[in-house]
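These notes concern the structure reproduced below.
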Amino acid sequence: MKLATYTADGQTRTGIVAGDRIIDTGVAGTMIDLIRNWDALKSVLEAKAVAGGGVPLSAVKLEAPIQRPGKIFAIGLNYADHVAESNMAAPERQVWFTKAQTSVNAPYDPITIATGTTANDYEVELVAVIGAGGKHIAAADAAAAVFGYCVGNDVTERMWQHGSPQWSLGKSFDTHAPMGPWIVTADELGDPHKLGIRCFVNGEKRQDSNTSHLVFNVWQQIEHLSTGMTLEPGDVLFTGTPSGVGAAMDPRRFLQAGDVVRCEIDGLGHIEGSMVAEH
Ligand code: ZN
C-alpha cells in the first residue's frame with residue numbers, strides 16, 4: 001500500500017494512493033497515529049483501496065508523509081563510492097547525526113537557501129520509516145520493525161556541516177529534509193536493498209547508484225541504533241547517499257536559486273523541489 005499525508009480543502013489528513021487518485025483513510029490523527037494502529041487498520045484500508053473512489057492526486061497538496069517525526073537520524077559515509085569522493089576513511093563504526101524536526105519539507109515544496117549561505121548541496125537517500133520499532137532489535141529481526149520507505153533528500157549546507165565536528169547544524173536548516181512523495185509499505189516494496197537511486201539537478205544526472213551498495217544495510221542500522229535507544233513509530237532513518245554530490249566535484253557545484261532538484265528511487269517514486277533564496 002502507498003500512504004500519503006495530504007492537504008485538501010484546508011485540512012491535512014492521511015490517504016491511500018491508488019494509481020493517480022488518493023483516497024481519504026478516514027483515520028483520525030496523523031500518519032504516526034495510523035502507524036501505531038496499523039495492525040487494526042491494515043485490512044480496513046486494504047478494503048478501502050479496493051473500493052476505489054477518492055480524488056485525483058493532482059487536486060491535493062502532498063505533504064511530508066511524517067510531518068513531525070519523533071526522531072530523524074541520518075547515517076554518513078554509507079556508500080563506498082561516496083566515502084572515496086569525500087576523501088574520508090571508510091568508517092569502522094556507523095557514523096550518525098540528527099536532522100531537526102523543523103527541517104522536514106513536503107515532497108514538491110521549494111527548498112530554502114538561507115541568507116548568507118553558499119554551499120547548499122543535495123543527497124538523495126532511501127528513507128526507512130519505523131513501524132513497531134522497539135529496543136535491542138537484532139539485524140535478523142529488523143525488517144519487521146520497518147513500516148515502509150520513501151525518498152528523501154538530505155539537503156546539507158557544507159560550510160556549516162564542516163564548520164564544526166558535529167554535522168547536525170549543517171544538516172538541519174529549515175526545509176532541508178524533503179521526504180515523500182508517500183510511504184510505500186514494507187510488504188509492498190519487498191527487498192529495500194536492490195533499488196536504483198538517482199538525483200538530477202536541472203535534468204542533469206548527478207547521482208546514480210543502487211541501494212545494494214549500502215556499506216551498513218538498513219537492518220544493521222536498526223540493530224545499531226536500537227542498542228541504545230527505543231525506536232518508535234514514525235521515526236525516520238536517512239540511510240546514506242551515494243557518490244555525485246556537488247561538494248565532491250572539481251570545481252564544486254553547489255545549488256543556486258532556481259535550480260530544480262529531483263530525487264528518485266525505484267518503486268518509491270520521486271520528490272522534486274526548486275531552490276529559492278530566503279527573504
Ligand atoms: Zn546524507
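The values are calculated or read from the model by the stated rules, or taken from the named source; none is laboratory data. The model shown is predicted, which means the values in this text are computed figures rather than measured ones. Cβ placement follows ideal geometry from the backbone for every residue including glycine, while neighbour counts extend to all protein chains displayed.
Scanning for something β-branched (V, I, T), within 16 Å of the ligand (Cβ to nearest atom) and under 18 Å from A64 (Cα atoms), does region 229-237 turn up at least one residue? Taking every residue of region 229-237 in turn, at least one turns out to be β-branched (V, I, T), within 16 Å of the ligand (Cβ to nearest atom) and under 18 Å from A64 (Cα atoms). Does region 189-207 contain at least one residue that is free of Cβ contacts under 8 Å to residues at least 60 places away in the same chain and within 14 Å of the ligand (Cβ to nearest atom)? The answer is no, given that none of the residues of region 189-207 is free of Cβ contacts under 8 Å to residues at least 60 places away in the same chain and within 14 Å of the ligand (Cβ to nearest atom). On the stretch given as region 148-164, residues that are part of a strand (DSSP E or B) and either farther than 30 Å from V184 by Cβ or within 12 Å of the ligand (Cβ to nearest atom) (or both) total 3. When A49, A80, A8 are checked against the criterion of being closer than 21 Å to E125 by Cα and surrounded by 12 or more Cβ atoms within 10 Å (Cβ to Cβ), A80 stands alone in meeting it.
Of the residues screened, A119 is not one that is more than 13 Å from the ligand (Cβ to nearest atom) and farther than 13 Å from F173 by Cα. For region 94-113, the tally of residues that are part of a loop (DSSP other than H, G, I, E, B), among the aliphatic types (A, V, I, L, M) and away from the ligand (no atom under 15 Å from the Cβ) stands at 1. Scanning region 56-77 for residues being surrounded by 18 or more Cβ atoms within 10 Å (Cβ to Cβ), more than 15 Å from the ligand (Cβ to nearest atom) and either part of a strand (DSSP E or B) or aliphatic (A, V, I, L, M) (or both) gives a total of 6. Look through G240, G152, G246 and report the one residue that is on the phi > 0 side of the Ramachandran plot, surrounded by 19 or more Cβ atoms within 10 Å (Cβ to Cβ) and in contact with a strand residue (DSSP E or B) (Cβ under 9 Å, 6 or more places away or on another chain). The conditions single out G240.
As for region 178-200, it holds no residue that is outside the structural domain of Y6 (by TED's automatic domain parsing), within 18 Å of D154 (Cβ to Cβ) and assigned to a helix (DSSP H, G or I). Among the residues of region 165-186, the ones that are free of Cβ contacts under 8 Å to residues at least 24 places away in the same chain and away from the ligand (no atom under 12 Å from the Cβ) come to 2 in all. The lone criterion from (1) within 30 Å of D9 (Cα to Cα); (2) surrounded by fewer than 22 Cβ atoms within 10 Å (Cβ to Cβ); (3) within 16 Å of the ligand (Cβ to nearest atom) left unmet by P91 is number (1).
Any chance region 114-122 includes a residue that's assigned by TED's automatic domain parsing to the domain that holds A143, of a type in the set (S, T, Y), in a loop (DSSP other than H, G, I, E, B) and exposed (fewer than 15 other Cβ atoms within 10 Å of the Cβ)? Within region 114-122, one or more residues are assigned by TED's automatic domain parsing to the domain that holds A143, of a type in the set (S, T, Y), in a loop (DSSP other than H, G, I, E, B) and exposed (fewer than 15 other Cβ atoms within 10 Å of the Cβ).
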